[in-house]
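Participant: Handing you this structure, nothing more for now.
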Amino acid sequence: MFPLEGPDLTLRKSAQAGMSVPERAAAKTRILVMEEHPLLRDGIADYFNSQLDMIVCGESDNISDARNKIAECKPQLLMIALRLGAGDSLEFVKALKAEKPGLLILVYSAFEEAIFAERTLRAGADGYVMKTAPKQEFLAAVRDVLGGNIYVSRNVAMRAFKRSLESRPDHRSGPYATGIEKLSDREMHIFNLLGSGLGNTQIAHSLNLSVKTIESHRENIKRKLDLSCSRDLIACAKQYVEETFLPAAKGALAIRGKKKVVRFPAA
């Protein structure tokens, strides 16, 4: 058995003397900051380094250097300023997410969020915050993204939500457009599950109903939608799900099929 020395010996003596032994420091979240202006970059780095659970592992002022820094310091989150034209940040975000899907990316910008927030999220970013936001919002955005959420301002989230509500009637342009309003809540639920690819047995199990009951609901749905066979029912259900729900999965409220929740900052 090797003798204790260095820090281990100090900890042993402290314990024997009845002194409390400090716990080992928890690992800090590693952040890479990409910003072309040195003063702003230094300010961001200093602010995050002042947090007990964060550390800026690298700084960069251009895309080429950022790639090298990512390989060197292996950050968990990239905080990047939005730039267009030469060194297009959106294209960089797209490419980086394809290469490193596990890397979280928070974009901040002076560009109008009503125009660029959704474009940024579509490119693969996990959040968008304005440069004019107070530093507490920057910190809230980082924590939300680290927690598995998408971060956008309340205004952006509400605009996306309202747009999704307004666009739904336009999606109901298929042969079932008039009949779908006649479906009961249960029938509508089953219709959506059918469109999602579930079979009778799976639906019965998920809703705690018998297969016979599901079959009965299917017949009622076909009648109300004036469909002659099960094949037409499945086709209509799939079309409805694709047109009504999948566009939202490409927008600001759900990205890349991953379940995410928009957190609203305090008003």
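The values are calculated or read from the model by the stated rules, or taken from the named source; none is laboratory data. No experiment lies behind these values; they were computed from the predicted model shown. Counting neighbours? That spans all protein chains shown, and the Cβs are built from the backbone with ideal geometry, glycine included. The protein model used for the area step is the full one, side chains on, heavy atoms only, and it has no ligands, DNA or RNA in it. Shrake-Rupley method; radii C 1.70, N 1.55, O 1.52, S 1.80 Å.
Participant: What are the residues whose amide H is under 5 Å from the amide H of Arg83, where those residues sit 5 or more places off or on another chain and H is modelled from the backbone?
Facilitator: Under 5 Å from the amide H of Arg83 lie the amide H atoms of Ser89, Leu90, each far enough along the sequence or on another chain.
Participant: Once the Cβ-Cβ distance between Ser216 and Lys162 is put in as r, and R0 is 41 Å, what FRET efficiency do you end up with, to the nearest 0.05? Let's see the in-between values first.
Facilitator: Numbers: r = 37 Å, r/R0 = 0.91.
That pair, Ser216 with Lys162, gives E of 0.65.
Participant: Moving on to the next point. Quick one: 3J(HN,Hα) in Hz for the range 209-226, Karplus 6.51/-1.76/1.60 with θ = phi - 60°, rounded, Gly and Pro as x.
Facilitator: For the range 209-226, the Karplus curve yields 10, 7, 4, 4, 5, 5, 4, 5, 4, 4, 5, 5, 5, 4, 5, 5, 9, 6 Hz.
Participant: On to the next question. With all protein chains present, how much of the accessible area of the range 20-163 (probe radius 1.4 Å) comes from carbon and sulfur, to the nearest whole percent?
Facilitator: Working: 3860 of 7210 Å².
Of the solvent-accessible surface of the range 20-163, carbon and sulfur hold 54 percent.
Participant: What ³J(HN,Hα) values, in whole Hz, does the Karplus curve 6.51 cos²θ - 1.76 cosθ + 1.60 give for the range 104-120 when θ = phi - 60°, with x put for Gly and Pro?
Facilitator: 7, 10, 10, 9, 10, 7, 9, 6, 4, 5, 4, 9, 9, 4, 5, 4, 5
Participant: Next up: Applying the Karplus parametrisation 6.51 cos²θ - 1.76 cosθ + 1.60 with θ = phi - 60° to the phi angles of the range 122-137, what ³J(HN,Hα) value in whole Hz is obtained for each residue in order, glycine and proline being reported as x?
Facilitator: Once θ is set to phi - 60°, the couplings for the range 122-137 become 5, 6, x, 5, 9, x, 9, 9, 6, 5, 7, 5, x, 4, 5, 6 Hz.
Participant: For Val129, enumerate residues with amide H under 5 Å from its amide H, sequence gap 5+ or separate chain, H modeled in the peptide plane.
Facilitator: Result for Val129 returns Val107, Tyr108, Ser109.
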